[in-house]
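Have a look at the structure below before the remarks.
The values are calculated or read from the model by the stated rules, or taken from the named source; none is laboratory data. Note that the coordinates shown come from a computational prediction; the quantities given were computed from them, not determined experimentally. Here the Cβ positions follow ideal geometry from the backbone for every residue, glycine too, while neighbour counts run over all protein chains shown.
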Amino acid sequence: MVQRQCIAATTRAFSTCTLSRPASRTTPPRIHNQLSHQRRHLHQTQPRTTRTPLTHLQHTFPRRNTPKTRTFTTTPARSHGDLTPPKPGEERHVTFVDKDLQHHTFVVADGDNLLDIAQANDLEMEGACGGSCACSTCHVIVESDEMFDRMEEPSDDENDMLDLAFGLTETSRLGCQVVMRKELDGVVVKLPSMTRNMQASDFAEKS
Amino acid sequence: MLVRRAPWVCQTCRHHGPSASRTYSTAATRQRPIHVAIIGSGPAGFYSAYRLLKKLPDARIDMFEHLPVPYGLVRYGVAPDHPDVKKSAETLVDVAKHGHFNFAGNVPIGNDPGCLPLTSIAPYYDALLFAYGASRDKKLDIPGEDLKGVLSARAFVGWYNGLPEYADLDPDLTGGDTAVVIGQGNVALDVTRMLLAPLDELRKTDLTEHAIDTLSRSRVNNVKVIGRRGPLQAPYTIKELRELMQMRSLGFAPPPEGWDKLIRVEPRKRLPRQLKRIAELLEKGSTTPMQEAEKAWQLGYLRAPAAFLSSNNEQLEAVGFEQQEYDSPVSDLITGDAPTDLNGLRGLRVRSTGAKSLVHAHLAFRSVGYQSTPLEGFGDIGVPFDQARGIIPNDRWGRVISPSKGPAGPLTAGHVPGMYCAGWVKRGPTGVIASTLDDAFTTADIIAKDWEEGTRFLSSPDGDADGTKGGWTAVKREIQRRGIRSVSWYEWEKIDAEERRRGQLRGKEREKIRRVSEMLAVLDGYGRTSYM
């Protein structure tokens, strides 16, 4: 029953999304991603009581087992959105707080990094360099000091990039460098508001 | 007013997928898709397009580029040994392949024959977004700037990156063993790295073959990077500094005098984190000790260039500097509040002490920043340009504002309807790719907001602001009518494939084609083209 509701909701949301798309040319991967995330998200919002995590996730990540038919992963940079389903009993929880202070909690597996998780769930986080620690667009702020201390020390490279991030704090990290593991279960990270270019100092008259 | 006609989308989803809900929240007056023309195909243009398509999935976006190839500084500015940063182009491909997006390469903007005038673009669009960056570099305006051996860093960067404009630069790196770089931004450090990096490492990158050839004959083994202000004011970023410090067989020599005083800012602990890390790195020096180094680089501070000197008025022989000192003691600026201190320390000014010094060198690079210039025909479409600041005047969100004439008539500054800007032409030539991304997003968001709120955009020649714009179909006719051989995205992919093929033969990612005529020859065959 739950299953059927789920599909119905999916179809409905999917069709609303597709209305504005052109009929002829290929959907770009990113936007394609969004569509599938919405579908995925709908599944996640269904009541979870009647399902075991395993079936839930099999249902949530249907593409995982059929990589050959995927239309959108040709390069590593574009593979965001492909998350590993967690093994039963090894589900980790991560919460993102967006700039509107909305909380988004996801069940993820060990080994996924925060950038991939955020992008797979269509949160507003960019990874301009494709998650290679060469930019600071995936800056996150870890909410608790304790959790921050449990993470591995950021590398020099990561710190170098963080130094350029807007709104740098004592517990700042790059999302692409934080990999989920047991100790980080329940971690809460904030997404800094994107207002870098509204900083007064950036507009000071240059002499 | 927002009209929601969507049948049903759950609350969470509505929040979650902006594209899904936005489709149904068009203002009553906007029942048709917006047509946007973006001038420039660098990161600012592409990130704006990306964001616009996310916010207004219906948007029709056409991008104009004067070269046959896209990506601007991602292709021609980012150093070849920074492939990670170049990766950002992969994200941009997603945008380019979108069904609502057209790329028109090899279309120069201007009023000359063979160019497309802005007045032939504006009528077919609701909005024009200027994202064409900074195409000039600042001059020092000191004597001797035209001597042989004084090079613009921008030209040098363009040359080793294969920018057609500088295909014939042919810098002479055999005149002596010392080179001076004036300026301490990341471009200055890029130039330094290219001059000193072990060739076997550069060979693996997409550095053009002719650049490798020239660099292999280079005699330069000592580069002095000299700035007007101190180590904590210089605009370099720490990543680039660290790369030089860790470069194989390269030693770092601290400035000849006063280094301790410059770098031991007390209390070090209270410095903002970014500056503290820079100070620590500089103090630690290079991984290769100077005694073991084959090549060396040096930072020089508090020296303003005063003249390029020559005994024969032809070849550069030395650079003259004027000693500077801080306006106020550095330690006075440390209050303990990190953001204030960061701005204060970075902004610290210097003044001349009058003392003069000399550095002997046969090669000098001017690297004191880029500058934007107005496009030909700005006046015809009512877009102003701030010559003093080198930007299009804007309200910081990205709306172009006219300082002298607004919608209510003269003397009231106001938004020029339908005109927007993003990237370096909006905020000046500073910042890393992440800052351009933020900046482009801000502009795209404001276009989307203006569109949804029914703000005035460009009107058609017949004054009809609500009629659907001709967009790509119409502007394509204008391009054809002028005999411009425009390059589509599909055609760029052919050039791209050819470059990769040539690269593969040499065991690297790509070998860039350095001339426009040759790029077009890939598409049209050799011998048939007389372009360029």
Among the candidates A:Glu158, A:Glu143, residue that is in contact with a helix residue (DSSP H, G or I) (Cβ under 6 Å, 6 or more places away or on another chain), modelled with pLDDT of 85 or more, among the charged types (D, E, K, R) and closer than 26 Å to B:Asp438 by Cα: A:Glu158
Hits in the range B:186-203 (condition: more than 24 Å from the chain's Cα centre (by Cα) and outside any helix (DSSP H, G or I)): B:Pro198
Filter pass, B:Ser404 being under 30 Å from B:Ser218 (Cβ atoms) and either modelled with pLDDT under 95 or assigned by TED's automatic domain parsing to the domain that holds B:Val36 (or both): no
Positions within the range A:89-128 being free of Cβ contacts under 8 Å to residues at least 40 places away in the same chain and within 9 Å of another protein chain (Cβ to nearest Cβ), in sequence order: A:Asp100, A:Gln102, A:His104, A:Glu126, A:Ala128
Residue list for the range B:331-373, restricted to those being away from chain A (no Cβ under 11 Å), farther than 25 Å from B:Arg154 by Cβ and out of contact with any Leu (no Cβ under 9 Å at 6 or more places or on another chain): B:Ser331, B:Asp332, B:Thr335, B:Gly336, B:Asp337, B:Arg351, B:Ser352, B:Gly354, B:Ala355, B:Lys356, B:Ser357
Residue within the range B:86-97 that is of a type in the set (Lys, Arg), within 14 Å of chain A (Cβ to nearest Cβ) and under 14 Å from B:Thr205 (Cβ atoms) present: yes
Among residues of the range B:162-180, those that are in contact with a Leu (Cβ under 8 Å, 6 or more places away or on another chain) and surrounded by 22 or more Cβ atoms within 10 Å (Cβ to Cβ), counted: 2
Failed item in (1) touching a helix residue (DSSP H, G or I) at 6+ places or on another chain (Cβ under 8 Å); (2) within 14 Å of another protein chain (Cβ to nearest Cβ); (3) surrounded by fewer than 20 Cβ atoms within 10 Å (Cβ to Cβ), with B:Ala253 passing the rest: (2)
Residues satisfying the stated conditions in the range A:132-168, i.e. assigned to a loop (DSSP other than H, G, I, E, B) and more than 9 Å from every other protein chain (Cβ to nearest Cβ): A:Cys138, A:Glu143, A:Ser144, A:Met151, A:Glu152, A:Glu153, A:Pro154, A:Ser155, A:Gly167
Residues that are among the charged types (D, E, K, R) and in contact with a strand residue (DSSP E or B) (Cβ under 6 Å, 6 or more places away or on another chain), drawn from the range B:54-113: B:Arg60, B:Asp62, B:Glu65
Yes/no for B:Leu363 being under 19 Å from B:Ile182 (Cβ atoms), of a type outside the set (Gly, Ala, Ser) and crowded, with 17+ Cβ neighbours inside 10 Å: yes
Hits in the range B:38-58 (condition: part of a loop (DSSP other than H, G, I, E, B) and without any contact (Cβ under 8 Å) to a residue 60 or more places away in the chain): B:Pro57, B:Asp58
Residues of the range B:195-235 classified as in contact with a helix residue (DSSP H, G or I) (Cβ under 7 Å, 6 or more places away or on another chain), more than 28 Å from B:Arg500 (Cβ to Cβ) and at pLDDT 95 or above, total: 3
Qualifying residue in the range B:41-58 (condition: closer than 21 Å to A:Gly127 by Cα, of a type in the set (D, E, K, R) and touching a Pro at 6+ places or on another chain (Cβ under 6 Å)): no
Meets criteria (closer than 26 Å to B:Phe308 by Cα, at pLDDT below 90 and outside the structural domain of B:Arg500 (by TED's automatic domain parsing)) for B:Glu266: no
Enumerated strands (runs of 3 or more DSSP E) restricted to the range B:67-159, each holding at least 2 residues that are touching a helix residue (DSSP H, G or I) at 6+ places or on another chain (Cβ under 7 Å) and aromatic (Phe, Trp, Tyr): B:101-104
